[in-house]
Amino acid sequence: MLSLSGSRVADMFLSSQELQRLTGYARSSAQIRWLRRNGWRFIVNALGAPVVALAEFNRHMVGGKAAAATEEPNFDWDAINGTQTKAG
């Protein structure tokens, strides 16, 4: 059974202290409002607190565009399979 207090699972999400530092707010409702206004993806747990994945934090802070879940990868299958025709 996975435990949120275990380092593996806990390291996947921002801590409550990290969320407070990020948003500048201590109250969950204010944190949620800040996250929504700034376009962050998160869930709200049963206690009413926002839960932000570390991957979402990295996406915003490091930059870059997250790939859409429905986006198909654009592989060059001929090159991968070695069946690419040589030009000229």
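Data table
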{"quantity": "Residue exposure sequence - TRP77, TRP40 - by fewest surrounding Cβ within 10 Å", "calculated": "TRP77, TRP40"}
{"quantity": "Neighbour-count ranking [beta-carbon atoms within 10 angstrom, fewest first] of LEU22, LEU54", "calculated": "LEU54, LEU22"}
{"quantity": "Sequence-distant residues sharing a close amide H with ALA49 (under 5 Å, placed H)", "calculated": "none"}
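Only the coordinates and a few stated rules stand behind these numbers; no lab work does. Computed from a predicted model, the values in this text were never measured in an experiment. Reconstructed Cβ throughout: ideal geometry from the backbone, glycine too, with neighbour counts over all protein chains shown.
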